[in-house]
1. Can you tell me which residue is surrounded by the fewest Cβ atoms within 10 Å (Cβ to Cβ) among those in the stretch 245-291 that are over 21 Å from LEU435 (Cβ atoms) and in contact with a Phe, Trp or Tyr (Cβ under 7 Å, 6 or more places away or on another chain)?
2. For ILE125, only one of the following conditions fails: (1) part of a helix (DSSP H, G or I); (2) more than 26 Å from ASP473 (Cβ to Cβ); (3) touching a residue at least 40 places away in the same chain (Cβ under 8 Å). What is its number?
3. Restricting the search to the stretch 84-107, which residues are over 23 Å from the mean Cα position of the chain (by Cα) and either in a helix (DSSP H, G or I) or polar (S, T, N, Q) (or both)?
4. Yes or no: the stretch 340-351 includes at least one residue that is closer than 30 Å to ALA86 by Cα, among the aromatic types (Phe, Trp, Tyr), without any contact (Cβ under 8 Å) to a residue 60 or more places away in the chain and in a helix (DSSP H, G or I).
5. If a residue must be surrounded by fewer than 20 Cβ atoms within 10 Å (Cβ to Cβ) and within 15 Å of PRO449 (Cα to Cα), how many such residues does the stretch 341-362 contain?
Amino acid sequence: MPTRIRKLFSPLLAGLLVTLAAGPAAAQRAPVAPAACADFYGHANAAWLSQNPLPAGANSLTRWDQLNALGQSQRDQVLAATTAPAGATVSIRLADLFASAQDEAAIEAAGLKAAQPLLAIIDKIKRTRDIPAAVAALHAAGMPVLVNVQVLRDAQGNPYAQVGPGALGLPDAGFYASADPLVQPVEVRYLAAVAQWLRLAGTPEAKMVEQAGWVGRMERDLAKATLAGSPFQVMQIKEAQSVGGTIDLAAILKAHGLKATQVAVSTPGFFRALDTQIANTKPDQWKVYLRAQVLREMAPTLGKAYHDPWAQLYEVTLAGQAAPTPRALRARWVLEARVPEILDAAYTQRFLPVPRQERARAVAASVKASAIAAVERAAWLSPTGKAAALERLKAMSVQVGRSVPDNVFDELQFSRTDLAGNVLALRRWLMKYALVRAEFAWPAEQWQPLVAYLPTENRLLVTAATLQPPLLDDAGSAADFGAFGALLAQQLSLAIQTWDGADAAAWSKRATPLIAQYNAYSATGGATRVNGTRSFPQNQADLAGLELAWDALNAQGKPDAAASKAFFTGWAGLWARQDKDTALAAAQATANHAPGKWRVNGPLSNLPAFADAYTCKGKVAMQRPAKDQVALWR
């Protein structure tokens, strides 16, 4: 017998001899249940658990921690790149912007080139009546002076415009004319920086301190009006214009691309004080004041002579930093805070392939159809309850990855050698698309893994970072339904649980046995039990999500054995985690969800489809007797 065959044959023969030696009794003994039927969580996640020990000093490590870390790492790649893949149009624009923030030689060489058109607008002021038109023109050019304009959203998601004070160079009105000896130097340092900016822009050195004093006096008066406080008011645009006085609020809103019939006015007293300032201050002083505002706003993007006084004041003195922030890092922070949709678009282009996004949308459509079908066949629901749930489901917007109109970024072009010009272009873009941005606002960025339902808007959102393993991959397997699909279905089920009366009682009767089931589970393998009452809402959602997602998979055609197993393995993979026993035990008093093991084994033990997939028979942990199983939508 060849050596290779003999080596293979020997263990097989040994196993056979052991079985024969055991005698007839062993042959008649019931087969041992597969590991999957005893503890599916441990069976499905064995490799992950062995490869990912709990880090020293940590209380837990989860698959979601890893997915979050991956999203942050991918975001950092986008924000650090000065090059981008061909065809990734938004990424290319971002790369150009970041490159311009790192080219100090080009920044110095550019001087005030980008600011000259703004200063030219100010130079045209000859009379008091020229001031409002100049302010509106500056807004249109990307420099929103005097008046701050924001587009916000109300509780129903509808966008609206808000106008308020935007005339102060210091971050709080309380800094002006303060009696606090710790605060007083701040205004002095600010006006010294203003004087230097004015001198650099052409003011004679002999007059720079005097002109900075004009700026300080005007801002002090406006700060006093801001501090006096006055109520936030929503007004018709004509009424708001009467509050604005000389300042043309309608023209400013138009410069921002907003056609409003009404507007929210923050601090109306500020606008009355501003009107008085315009009437009582000479045009030449207004020109100085507006120049100072423009130069202050542009200083972070200009050469060192402008930049360094700004950085010392705002970052070192006011923010308490040990040193100024590098320009490239500051550009990144500003982008993340003010223009998240550009980062979202660049992130999506790099890390969400189109086929995967299309697969996610197909799974989402199938799950939504499954939820509708489940409600339609729910005999326990009243006609009224059924109609309300169906109306909510059918009207629900399911957004997989952030979608904005294709042409939104077309006008946003950056030069790799013009940081100041790029920032102005970005400001103009922000104003032009303020309304569009408000309509497409999200509660999280695309690099943050999230599946969330927004009740007031009836929107179900899935970020791009979510659409990666373990939730979704490029293989297009049934695991996508067990992971991603089940998470979506969770949210759909929660969205329609607004029952009352008999419907609420019927749902409670179906779901309440889950409390006793989870109360019986050990949280750590010891005496500490899972808090089935606190975790009840999430336990309902887990089971409902699996039921609906299983139906959605079956709607594609009856899954074979491999697909069925992939479905349940997909769910189990979401909840793999390492926990310190003491922390896990302590968490049961406050946790709103069960430990990972029971988020897997708990709902699956109620599903006959799981037992069929893994041939679980007899008294096994993963299959409850039919009379004890909880069924919510099946």
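Values quoted throughout were computed directly from the atomic coordinates according to the rules given, and no laboratory measurement underlies them. Predicted model, so just to flag it, every value in this text is computed and none were measured. Heads up, the Cβs are rebuilt from the backbone with ideal geometry, glycines too, and the neighbour counts pull from every protein chain shown.
1. Our first condition is that a residue be over 21 Å from LEU435 (Cβ atoms); within the stretch 245-291, this holds for 245-247, 267-291.
With the extra rule that they be in contact with a Phe, Trp or Tyr (Cβ under 7 Å, 6 or more places away or on another chain), the set shrinks to 245, 247, 285, 288-289.
Values: GLY245: 17, ILE247: 21, GLN285: 15, VAL288: 24, TYR289: 25.
Across the stretch 245-291, the extreme among qualifying residues is GLN285.
2. Result: ILE125 passes all but (1).
3. ASP96, ALA99, SER100, ALA101, GLN102, GLU104, ALA105, ALA106, ILE107, listed by residue number.
4. No, every residue in the stretch 340-351 fails to be closer than 30 Å to ALA86 by Cα, among the aromatic types (Phe, Trp, Tyr), without any contact (Cβ under 8 Å) to a residue 60 or more places away in the chain and in a helix (DSSP H, G or I).
5. Residues meeting the conditions: 1.
For every residue, the table says whether it meets (1) outside any strand (DSSP E or B); (2) farther than 30 Å from ALA506 by Cβ.
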{"site": "ALA388", "(1), (2)": "yes, no"}
{"site": "GLN399", "(1), (2)": "no, yes"}
{"site": "THR417", "(1), (2)": "yes, yes"}
{"site": "ALA425", "(1), (2)": "yes, yes"}
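Okay, residues lined up against (1) crowded, with 20+ Cβ neighbours inside 10 Å; (2) touching a residue at least 60 places away in the same chain (Cβ under 8 Å):
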{"residue": "ARG534", "(1), (2)": "no, no"}
{"residue": "ASN539", "(1), (2)": "yes, yes"}
{"residue": "ALA566", "(1), (2)": "yes, yes"}
{"residue": "THR569", "(1), (2)": "yes, yes"}
{"residue": "ALA591", "(1), (2)": "no, yes"}
